[in-house]
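Notes to accompany the following structure.
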Amino acid sequence: MSAVETQTQMGGTNPHANIIKFTMLLGGVVFLLMMVFGLLMRAAQGGLIDLDPSLFYLLLTAHGAGMVGSAALSGAAILWYFCARHLDLRGSIYLAFLGLFLLGVVLILGGIFIGQYGGAWTFLFPLPASSGGAWGAGAAVSFLLGYLLIGVGFLLFYLEIGLKVSARYRGLLGGLGWRYLFGGASDDLPPPTIVAASSVVVFNTIGIVFGAAVIAATIVNLLFPSFAVDPLLAKNATYFFGHVFINASIYMAVVAVYELLPDYTGRPWKTSKLFVGAWAAVVIFVQAVYFHHLLQDVNMPAWTLALGQIISYASGVPLIGVTVFSLLLYVKGSGLKWDLPISLLVLGTVGWGIGSIPAIIDGMLAVNKLMHNTQWVPGHFHIYLLLGEVAMAFGFAAWLVKDRSQAEMSGLDKLVFRAYTLGGVGFVLMFLWSGASSIPRRWAVHYEEWQLQSQLASLFALVVVLATAGMVIRYTLSLMRRS
């Protein structure tokens, strides 16, 4: 047993707690700001406010990049905090990661709001260089360079965790638990957090390398237009990176459930062969499933389209069949006291599982032909994020500043939780309804016949914004009382 594990079991404090608390404050504030941007866009689509389309697309770009970035940052903070219970991680590496991340954010915001870059967070080639005069090459370079710095920061982050896992568990295969899965000894099993961390290190490192390659190629093309980039290859690399990266954000955050639920139920979350096998499947599925983003690309090989549909079906099994089902079994009959942290963590896990269902539906070729460019797709990934990763992040943040003498939720906490849940459910249902009605995604201006869903979504979004503001204020005040 390592010194870190011994200290944790003896009730020692986490040496990274302060910087993680600061990170979660940053993430919470950015989540709130991006939600306000989302509210403004839905209100504009509903005809409730007048928003210039050029400003709409700037907000859309900032909203997408900001929400994905905040999800990744908060997920990374959660993973680092709980990995530090089992590994001797160096704080200097986390500071370097955070510094590169924040520098990248500055460049991204500069590209958007100073350079007027409005090409959305997916930066699909050749859009950054084909703005029709809406922005210059410098704005696109600033935006993409910001992404590149964030990617470098994450590679440092994963390198540190990967090295420490390898040293502690005799290589990444030991950290993944694959030796145990294929008949090895069970005397030194990695805990669930390490299995999850090792899995994320493997697949998100691969995803970031692909993303960095296409970003670097696009930057060179912006600076030297004669440098040729294959658009289809670039699209594949971009969607591979984007799909893997946003999923990794949720897979990092779920370790909070593995670590904290046992404190509430008295039932340890064990590393079983089923658990290890599920995470082994995740490593494969989370990379292979990105093909469902390309079902409308008729020049893709037929086998890739078939694989995208098949893996879309299969990818929900490890999530719904293991993590969500196991969570419900752990909670059932445990007699746990429901407070705000555990309520949000359970909501996040269940919301994540539910969010996979419309994603699987969209992964069907016949459905995808009609619905991929409708608001159905924002519907499913807003379930993943709003009712999934973001809920987990706020649950973890609430636990960080939890008053240990308070066993149950206060009346205000109940109000905030219910408002966030009901507002979030209503908001995402409006996206799904809009998608089922063939209302397109990414349109700044909606016809009058489409505006009802956007108007209702704006109302639900306002409820979510107010609930989120309550959680951010609650967290900030708790930090101030503890300082």
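The values are calculated or read from the model by the stated rules, or taken from the named source; none is laboratory data. Treat the numbers as computed from the prediction; the structure is a model and nothing was measured. Cβ atoms come from the backbone with ideal geometry, glycine included; neighbour counts cover every protein chain shown. Surface areas here come from the heavy atoms of the whole protein model, side chains and all, with no ligands, DNA or RNA. Shrake-Rupley method; radii C 1.70, N 1.55, O 1.52, S 1.80 Å.
Out of curiosity, is Val229 in contact with a Phe, Trp or Tyr (Cβ under 7 Å, 6 or more places away or on another chain) and surrounded by fewer than 21 Cβ atoms within 10 Å (Cβ to Cβ)?
Considered against the rule, which asks whether it is in contact with a Phe, Trp or Tyr (Cβ under 7 Å, 6 or more places away or on another chain) and surrounded by fewer than 21 Cβ atoms within 10 Å (Cβ to Cβ), Val229 comes out as yes.
Only one residue in Gly333, Gly316, Gly321 is of a type in the set (Gly, Ala, Ser), part of a loop (DSSP other than H, G, I, E, B) and either farther than 17 Å from Glu389 by Cβ or in contact (Cβ under 8 Å) with a residue 12 or more places away in the chain (or both), so which one is that?
Matching residue, one of Gly333, Gly316, Gly321: Gly333.
Name the pairs: first residue in the stretch 411-431 and under 24 Å from Lys337 (Cβ atoms), second residue polar (S, T, N, Q), Cβ to Cβ under 7 Å, at least 6 apart or on different chains?
Sorted first by the residue in the stretch 411-431, then by its partner, the pairs are Phe417/Ser343; Tyr420/Thr468.
Can you work out which of the residues in the stretch 362-388 that are under 14 Å from Gly424 (Cβ atoms) and among the hydrophobic types (A, V, I, L, M, F, W, C) is most open to solvent (accessible area, probe 1.4 Å)?
Filtering the stretch 362-388 for residues that are under 14 Å from Gly424 (Cβ atoms) and among the hydrophobic types (A, V, I, L, M, F, W, C), the one most open to solvent (accessible area, probe 1.4 Å) comes out as Phe381.
Residues Ala237, Ala248, Ala306, Ala288: which one is among the aliphatic types (A, V, I, L, M), within 25 Å of Ala84 (Cα to Cα) and assigned to a helix (DSSP H, G or I)?
Going through Ala237, Ala248, Ala306, Ala288 in turn, the sole match is Ala248.
Can you name every residue in the stretch 112-153 that is in a helix (DSSP H, G or I) and more than 18 Å from Val220 (Cβ to Cβ)?
Across the stretch 112-153, the qualifying residues are Ile112, Phe113, Ile114, Ile150, Gly153.
Tell me which residues, restricted to the stretch 408-448, are over 25 Å from Leu466 (Cα atoms), outside any helix (DSSP H, G or I) and among the hydrophobic types (A, V, I, L, M, F, W, C).
Within the stretch 408-448, Ile439, Trp443, Val445 meet the criteria.
For (1) open to solvent by 30 Å² or more (accessible area, probe 1.4 Å); (2) more than 18 Å from the chain's Cα centre (by Cα), each residue gets a yes or a no:
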residue: Ala359; (1), (2): no, no
residue: Val390; (1), (2): no, no
residue: Val401; (1), (2): no, yes
residue: Met409; (1), (2): yes, yes
residue: Arg418; (1), (2): yes, yes
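Could you list, in sequence order, all residues of the stretch 425-480 that are open to solvent by 60 Å² or more (accessible area, probe 1.4 Å), within 30 Å of Ile19 (Cβ to Cβ) and either among the acidic types (Asp, Glu) or touching an Asp or Glu at 6+ places or on another chain (Cβ under 9 Å) (or both)?
Arg474
Kindly list the number of the only condition in (1) surrounded by 17 or more Cβ atoms within 10 Å (Cβ to Cβ); (2) part of a helix (DSSP H, G or I); (3) over 18 Å from the mean Cα position of the chain (by Cα) that fails for Leu189.
Single failed check for Leu189: (2).
Could you say whether any residue in the stretch 340-353 is within 30 Å of Ala397 (Cβ to Cβ), modelled with pLDDT under 80 and not β-branched (Val, Ile, Thr)?
The answer is no, given that none of the residues of the stretch 340-353 is within 30 Å of Ala397 (Cβ to Cβ), modelled with pLDDT under 80 and not β-branched (Val, Ile, Thr).
Only one of (1) among the hydroxyl-bearing types (Ser, Thr, Tyr); (2) open to solvent by 20 Å² or more (accessible area, probe 1.4 Å); (3) at pLDDT below 95 is not met by Thr205, so which one is it?
Only one criterion is unmet by Thr205, namely (3).
From the residues in the stretch 109-167 that are hydroxyl-bearing (Ser, Thr, Tyr) and within 19 Å of the chain's Cα centre (by Cα), which one is surrounded by the fewest Cβ atoms within 10 Å (Cβ to Cβ)?
Thr122
Out of all the residues in the stretch 22-32, which are open to solvent by less than 40 Å² (accessible area, probe 1.4 Å) and touching a Leu at 6+ places or on another chain (Cβ under 9 Å)?
Residues satisfying the conditions are Thr23, Met24, Gly27.
Please go through the stretch 33-67 and give me each residue that is of a type in the set (Ser, Thr, Tyr) and either surrounded by fewer than 20 Cβ atoms within 10 Å (Cβ to Cβ) or free of Cβ contacts under 8 Å to residues at least 24 places away in the same chain (or both), ordered by number.
Ser54, the sole residue that qualifies.
How many of the residues making up the stretch 84-108 are open to solvent by less than 20 Å² (accessible area, probe 1.4 Å) and part of a loop (DSSP other than H, G, I, E, B)?
3
Does Ala197 satisfy the condition of being of a type in the set (A, V, I, L, M), open to solvent by less than 20 Å² (accessible area, probe 1.4 Å), closer than 25 Å to Ser334 by Cα and part of a helix (DSSP H, G or I)?
No: the conditions fail for Ala197.
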